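Just below is one structure, and these are the notes that go with it.
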Amino acid sequence: MSVLVNGSPTKDFVVGKGLRQGDPLSPFLFLIAAEGLTGMMQKAVGIGVFHGYKVSDDLLFHTLQFADDTILIGKGNWDNLWSIKTVLRSFELVSGLKINFFKSKLYGINLDDNFLNAASAFLHCGVESIPFRFLGIPVGANPRRKITWNPIVDNMRKRLSSWNGRNLSIGVIAECGLWNEVEWNWRLLWNGDLAQDDIEAAAELECLLSDISPNKDRTDYRKWITNNLGMFSVNSAYCILQNCYSPLTINSNVVDALQDLWANDVPSKVSIFGWRLLLARLPTRKALERKRIISNPRELCCAFCFREEEDIDHLFFNCSISIQVWKKVYEWLDMNFITFEEVWKHFTTFGDLVKSKSLAKARHVIWLATTWSIWRTRNNIMFRGDVFNLALLVNQIIFISWVWFVGRIELNPSFVFSDWCNDPLACILSI
Ligand SMILES: [Zn+2]
């Protein structure tokens with residue numbers, strides 16, 4: 001499979017099944033895999049090839065794991081090192097995970113330096129000394145000393161103060177209020193004097209709280225205010241957003257054309273293609289230049305005529321090659337060729353060929369089949385090295401418009417493909 005990124009196809013890749021990156025399930029999948037390592041270590045201890053750290057007769061540590069952090073603890077001897085190496089390598093083979101030895105460290109407690117250096121060369125990892133940090137907490141430092149905990153307190157302080165600097169310091173509220181029979185009265189009592197910033201923030205907080213009256217008999221719960229049931233719905237969020245932001249100013253003719261477009265019963269990818277075409281949002285060479293993806297002016301030329309710059313107006317309507325295509329299409333429809341002014345105008349004029357309102361779902365099928373086929377042919381020339389073939393393209397337009405038209409009308413058509421080739425408008429009008 002290959003996908004188009006900014007209009008250019010990526011290298012082919014094999015499609016597989018699994019969890020995507022960022023999937024909420026992936027940490028659990030990781031835990032299941034990491035559990036395998038603990039299992040293997042337990043087995044190694046069980047059969048006596050690894051000797052963990054014995055705290056007491058019934059407490060022995062060999063592995064500590066937290067998420068992707070793992071500590072293996074054991075006696076400092078060669079038997080244990082061999083077992084660690086064997087277990088880690090086996091774990092790599094069965095799980096498909098790779099252990100980053102560059103990030104792994106060996107710590108020795110009361111061990112000879114020579115032994116540690118030899119062991120680190122054997123396991124291909126670096127040597128470090130205690131205390132070290134595990135999950136942000138110093139391990140091996142004296143926990144009774146204040147200095148051990150200073151970095152953690154500082155860290156917490158930094159984090160709390162970065163809450164946009166306007167938040168009240170910790171523990172500043174001594175009391176928030178009291179129940180008066182059934183009603184709650186807010187009464188904020190502050191621990192110590194407030195700074196000027198804090199006074200303003202406190203006033204703001206009191207103002208916010210004045211609207212809130214807790215209910216003694218009910219437990220707290222979350223409520224989505226705009227919905228009567230208090231439940232979140234995408235629709236209500238969409239409505240809020242619609243009211244907050246005025247839509248981009250789009251030419252009202254284009255808006256009308258878009259409404260007609262959605263009424264057509266064609267595959268959704270084609271509707272979306274038509275939508276992008278009417279809004280001039282297709283990644284033509286000129287559009288890629290505007291987005292600074294293309295900088296070489298020689299890459300801007302039209303894939304059909306190689307003369308003019310490729311923008312939507314040129315590629316679909318004004319290029320000598322596209323004009324030939326449209327002429328053939330109008331010939332097939334037995335209609336006069338419509339000259340091009342603007343995309344929406346061309347679209348609307350074409351739709352007017354089929355007057356009846358009830359046929360809205362088939363009005364632009366041929367227009368969409370034509371523009372869609374032009375775009376596909378352009379992509380095949382550009383990315384697959386195809387050669388332009390007018391007769392082939394026109395046949396393709398006739399065929400796919402037939403497939404879209406006949407495949408999506410529910411009644412049994414009284415006409416066949418040759419009728420469609422002879423007089424498509426009569427077929428559309430006959431449904
Ligand atoms: Zn051209």
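Details
- Residues in region 292-321 that are more than 7 Å from the ligand (Cβ to nearest atom) and within 18 Å of Phe347 (Cα to Cα): 6 in all.
- Cross-chain or 6+ apart pairs with Cβ under 7 Å, region 295-323 first and under 19 Å from Arg276 (Cβ atoms), then near the ligand (Cβ under 7 Å from one of its atoms) and of a type in the set (Phe, Trp, Tyr): Cys319/Phe304; Ser322/Phe304
- If you go through region 322-342 and keep only what is part of a helix (DSSP H, G or I) and within 16 Å of the ligand (Cβ to nearest atom), you end up with Ser322, Ile323, Gln324, Val325, Trp326, Lys327.
- Applying a threshold of 6 Å to beta carbon distances and a minimum spacing of six or more residues, or different chains, the list of pairs starting in region 24-44 at a residue that is more than 16 Å from Leu93 (Cβ to Cβ) and free of Cβ contacts under 8 Å to residues at least 60 places away in the same chain and ending at one that is surrounded by 14 or more Cβ atoms within 10 Å (Cβ to Cβ) and of a type outside the set (S, T, N, Q) is empty.
- Any hit, region 34-45, residues being out of contact with any Asp or Glu (no Cβ under 6 Å at 6 or more places or on another chain) and modelled with pLDDT under 85: yes
- Residue pairs meeting the criteria (Cβ under 8 Å; at least 6 apart or on separate chains; first surrounded by 23 or more Cβ atoms within 10 Å (Cβ to Cβ), in region 359-386; second of a type in the set (D, E, K, R) and assigned to a helix (DSSP H, G or I)): Arg363/Asp260; His364/Asp260
- Residue, surrounded by the most Cβ atoms within 10 Å (Cβ to Cβ), within region 68-105, restricted to residues that are basic (Lys, Arg) and in a loop (DSSP other than H, G, I, E, B): Lys75
- Taking the numbered list (1) away from the ligand (no atom under 14 Å from the Cβ); (2) assigned to a helix (DSSP H, G or I) in turn, Met382 passes all entries but (1).
- Residues of region 176-192 that are at pLDDT below 75 and either within 47 Å of the chain's Cα centre (by Cα) or not small (Gly, Ala, Ser) (or both): Asn191 alone.
- Members of region 117-141 found to be under 19 Å from Ile84 (Cα atoms), touching a Gly at 6+ places or on another chain (Cβ under 8 Å) and in contact (Cβ under 8 Å) with a residue 24 or more places away in the chain, listed by number: Ala119
- Positions within region 303-343 being among the hydroxyl-bearing types (Ser, Thr, Tyr) and surrounded by fewer than 21 Cβ atoms within 10 Å (Cβ to Cβ), in sequence order: Ser320, Tyr330, Thr339
- Looking only at region 225-245, and only at residues there that are among the polar types (S, T, N, Q) and outside any helix (DSSP H, G or I), the one that is farthest from Ile212 (Cα to Cα): Ser233
- If you go through region 106-127 and pick out every residue that is part of a strand (DSSP E or B) and either surrounded by 15 or more Cβ atoms within 10 Å (Cβ to Cβ) or hydrophobic (A, V, I, L, M, F, W, C) (or both), you end up with 3.
- Of everything in region 344-358 that is surrounded by 14 or more Cβ atoms within 10 Å (Cβ to Cβ) and without any contact (Cβ under 8 Å) to a residue 24 or more places away in the chain, the residue that is farthest from Ile398 (Cα to Cα) is Thr349.
- Among residues of region 47-67, those that are part of a loop (DSSP other than H, G, I, E, B) and within 32 Å of the chain's Cα centre (by Cα), counted: 1
So that you can scan it fast, the table gives a plain yes or no per residue for (1) within 14 Å of Thr371 (Cβ to Cβ); (2) at pLDDT below 90:
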| site | (1), (2) |
| --- | --- |
| Ala287 | no, no |
| Ile294 | no, yes |
| Arg298 | no, yes |
| Cys301 | no, no |
| Glu309 | no, no |
| Ile312 | yes, no |
| Phe317 | yes, no |
| Gln324 | no, no |
| Ile338 | yes, yes |
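- Options Arg166, Arg144; residue that is at pLDDT 85 or above, surrounded by fewer than 11 Cβ atoms within 10 Å (Cβ to Cβ) and either in contact with a Gly (Cβ under 8 Å, 6 or more places away or on another chain) or assigned to a loop (DSSP other than H, G, I, E, B) (or both): Arg144
- Where Lys269 falls short, out of the listed (1) within 16 Å of the ligand (Cβ to nearest atom); (2) within 25 Å of Val5 (Cβ to Cβ): (1)
- First in region 212-239 and farther than 18 Å from Asn185 by Cβ, second anywhere and of a type in the set (A, V, I, L, M, F, W, C) and in a helix (DSSP H, G or I), Cβ under 9 Å, 6 or more apart: Trp224/Ala237; Thr226/Ala237; Thr226/Cys239; Thr226/Ile240
The values are calculated or read from the model by the stated rules, or taken from the named source; none is laboratory data. Being a predicted model, the structure only gives us computed values, none of them experimental. FYI the Cβ positions are ideal-geometry reconstructions off the backbone, even for glycines, and counts take in every protein chain you see.
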